[in-house]
Ligand SMILES: *Cc1c(COP(=O)(O)O)cnc(C)c1O
């Protein structure tokens with residue numbers, strides 16, 4: 001694949017695709033330790049055909065964004081939380097965690113090196129950052145690798161909604177995303193491999209994504225595809241599901257705090273698919289979508305419409321404005337949420 005050139009991008013019309021940018025970050029773990037790591041212009045990975053990742057799935061990843069500020073600078077949003085979550089995911093799969101402080105430094109380094117590809121302020125586009133760890137040690141029996149690689153790739157992505165936020169339609173899935181006691185709390189590729197079929201069935205039937213229900217009773221809401229769920233009750237309270245198989249979203253953690261600051265009495269609690277009438281608004285939350293209003297959920301052929309199938313509710317809009325204002329650097333957020341990337 002050819003290297004991308006910054007002048008060829010039409011920022012506001014960018015989709016969510018991979019472009020091969022000038023630099024990636026690459027570090028290796030062997031003999032019990034991580035090396036220094038370095039920027040590289042090689043965007044391919046060389047490994048043994050017996051690498052664990054290819055057979056037994058030792059892979060964990062992260063997703064965060066670099067945001068261009070009005071003053072031309074670049075911010076990251078809570079990258080220490082991604083460092084910590086990758087650490088937890090790596091431990092769950094018996095992989096060597098990459099040191100958390102060095103994670104944040106490596107993210108800054110790769111963003112700085114590709115700074116011409118951080119889209120302009122106001123375009124709605126951002127630089128998506130994908131750090132990941134893979135088990136590259138050779139195995140044939142089922143056991144953990146003894147060699148790992150840590151990579152960071154970056155690629156510019158467009159605004160999630162071209163022309164403003166729009167509610168979308170969801171459908172419950174007969175499949176499970178993750179088991180209680182499984183890897184639901186870890187951001188690992190295996191969870192996504194399992195989600196491809198349910199996701200594609202939903203798309204084929206005209207839905208934007210699936211609602212996963214809890215794997216025991218198939219009654220309580222877990223997640224929406226690759227995003228966490230929230231509902232706003234008729235009296236303006238913010239609720240989001242609680243379960244041992246949900247991926248702990250950083251966007252969710254942040255919105256819990258923002259909702260609290262708005263007096264919305266946020267709560268993580270069981271949310272039954274048969275109790276959607278309590279909500280006047282609902283949405284999906286995650287780095288890619290920020291906040292995306294859920295227009296409706298169809299379960300067993302019954303379609304439940306929330307606020308509206310075309311309009312965005314006022315609470316959803318208010319939460320979105322605050323969160324994206326902080327991420328873009330227009331509003332000052334709580335301490336530690338906005339991390340400047342030195343560009344010189
Ligand atoms: C990454 C991810 C999310 C969103 O997490 P953020 O930290 O907010 O980006 C939600 N659900 C799943 C399954 C994910 O993989």
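We did not get these values from a lab; they are worked out from the coordinates using the rules stated. This one's a predicted model, so the numbers in the text were calculated from it and none came from an experiment. Positions of Cβ are generated from backbone atoms using ideal geometry, with glycine treated the same way; all protein chains shown enter the neighbour counts.
Across the stretch 207-234, the residues whose backbone nitrogen lies under 13 Å from the label position 7 Å along the beta-carbon direction of residue 179 are 215-216.
Estimated at 0.36 nm per residue, the fully extended path between residue 218 and residue 142 surpasses their Cα-Cα distance by 24.2 nm. With the gyration tensor restricted to C-alpha atoms of the stretch 191-292, the semi-axes of the equivalent ellipsoid amount to 23, 15, 13 Å, longest first. Estimated from helices alone, the mean residue ellipticity of the chain at 222 nm is -6500 deg cm²/dmol (sum of -39500 (n - 2.57) over DSSP H runs with n ≥ 4, per residue).
Less than 19 Å from a label point 7 Å out along the Cα-to-Cβ axis of residue 270: which backbone N atoms in the stretch 220-247 qualify, by residue? Inside the label zone: 220-223, 229-231, 239-247.
Orientation-averaged projection of the stretch 278-319 equals 3.4 nm² [convex hull of Cα atoms, one quarter of hull surface area].
Taking other C-beta atoms within 10 Å as the exposure proxy, 92, 216 rank 216, 92 from fewest upward.
Count the DSSP beta bridges whose two residues both fall in the chain, then state the antiparallel fraction as a percent rounded to the nearest 5. Here the share of antiparallel DSSP bridges comes out near 85 percent. Counting 0.36 nm for each residue step from residue 16 to residue 300 and taking away their Cα separation leaves a gain of 99.1 nm.
Among 132, 16, rank each residue by its count of other Cβ atoms within 10 Å, from fewest to most, as a rough exposure measure. Listing 132, 16 from fewest to most nearby Cβ atoms yields 16, 132.
Counting other Cβ atoms within 10 Å as a rough exposure proxy, the listed residues 2, 268, 62, 222 run 2, 268, 62, 222 from fewest neighbours to most. Mean separation of Cα pairs under 8 Å and 6 or more residues apart, divided by the residue count, gives the chain a relative contact order of 19 percent.
Both radii come from the Cα set of the stretch 6-157: Rg as radius of gyration, Rh as Kirkwood radius; their ratio Rg/Rh reads 1.00. With contacts taken as Cα pairs under 8 Å at a separation of at least 6 residues, the stretch 6-157 carries a relative contact order of 36 percent. When every alpha-carbon pair in the chain is counted, what percent end up more than 27 Å apart? The calculated P(r) of the chain puts 48 percent of pairs beyond 27 Å.
Multiplying the residue separation of residue 318 and residue 54 by 0.36 nm and removing their Cα-Cα distance gives an extension gain of 90.7 nm. Diffusion coefficient of the stretch 1-61 by Stokes-Einstein, Kirkwood radius over Cα pairs, 10 °C, 1.306 mPa s: 108 µm²/s. The overall shape of the stretch 132-278, judged from the alpha-carbon gyration tensor, is prolate: a/c is not under 1.5, and a/b is greater than b/c. Under the simplified labelling scheme, the residue 38-residue 330 pair shows an inter-label distance of 4.2 nm, with each label point 7 Å from Cα along Cα→Cβ.
Note on residue 116/residue 257: beta-carbon distance plugged into 1/(1 + (r/R0)^6) with R0 of 41 Å gives a FRET efficiency of 0.75.
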